[in-house]
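The values are calculated or read from the model by the stated rules, or taken from the named source; none is laboratory data. Since the structure is predicted, the reported quantities are computational estimates derived from the model, not experimental observations. No Cβ is skipped: glycine too gets one built from the backbone with ideal geometry, and neighbour counts run over all protein chains shown. These accessible areas exclude ligands, DNA and RNA; they are computed on the full protein's heavy atoms, side chains included. Shrake-Rupley method; radii C 1.70, N 1.55, O 1.52, S 1.80 Å.
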Amino acid sequence: KVLHAFPKTVTIEFGSGCLGKDGKMQSGKMVTVFSGPMLVPGSQATTTFVDYHVDSFAVEGTCTIENASTSNQQAWNAVVTNGKISNTQSGKWIAWSGTRDHVQTEGNGTPLYPLDDVYQVTGNSSGSNSAGNSWSTTITQPVIREFSCRWRVQGVIQLVLNSGAHTVLLDYGNGSCDNKAVLTIDGVSYNITLY
């Protein structure tokens, strides 16, 4: 009976240092609180970092993922609050907060057949760094991801640097599955290839 009780707290503790297969040393804790089973709409998983480091980088902030599905449509929301990565040797840092909403727009009726799944992503973020730069991003046209395509097939992301000093638009195109996009920097457009 206790196994089915919520909320549940899951702690991954690396202690004073644990060397991973990737050669990176992790220390501290990652703590996730599950409000309910994640397959149930309305359930949330909130992760925080307690003195967590990867090599010489300290990681801070809170990430919350919520199942926002309805009876006929899968949806997930992700929110990062006060995210920060600091280089403990150089003192340099980058900080950000943001939201991303993922809604499955096609393929909801065939849960065991993912090849027809299509997802729409919306959201925004903002951040700054130790060099005095700041930015904000907004998905101005929903980004479309198809399970059967490696690339984003449609959508526009706007990036504003240093309170409007520069504006950048990334346009993924008209829905074709390809690695082509258009990058527009302060009104000048460039055809680019995504890798």
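Quick check on my filter: what residues within the stretch 97-115 are free of Cβ contacts under 8 Å to residues at least 12 places away in the same chain and either in a strand (DSSP E or B) or open to solvent by 80 Å² or more (accessible area, probe 1.4 Å) (or both)?
Hits for the stretch 97-115 are Pro111, Leu112, Tyr113.
Among the residues of the stretch 150-195, which ones are farther than 30 Å from Asp117 by Cβ, open to solvent by 40 Å² or more (accessible area, probe 1.4 Å) and not in a helix (DSSP H, G or I)?
Result: Leu161, Ala165, His166, Thr167, Ile185, Asp186, Gly187, Val188, Ser189, Tyr190.
So which residues in the stretch 1-60 are among the aromatic types (Phe, Trp, Tyr) and open to solvent by less than 70 Å² (accessible area, probe 1.4 Å), if there are any at all?
Phe14, Phe34, Phe49, Tyr52
Does Asn67 fit the bill of being crowded, with 16+ Cβ neighbours inside 10 Å and closer than 30 Å to Glu106 by Cα?
Considered against the rule, which asks whether it is crowded, with 16+ Cβ neighbours inside 10 Å and closer than 30 Å to Glu106 by Cα, Asn67 comes out as yes.
Looking at Ile94, Ile144, Ile139, Ile85 in this structure, which one is of a type in the set (Val, Ile, Thr), within 25 Å of Ser176 (Cβ to Cβ), in contact (Cβ under 8 Å) with a residue 24 or more places away in the chain and part of a strand (DSSP E or B)?
Ile144
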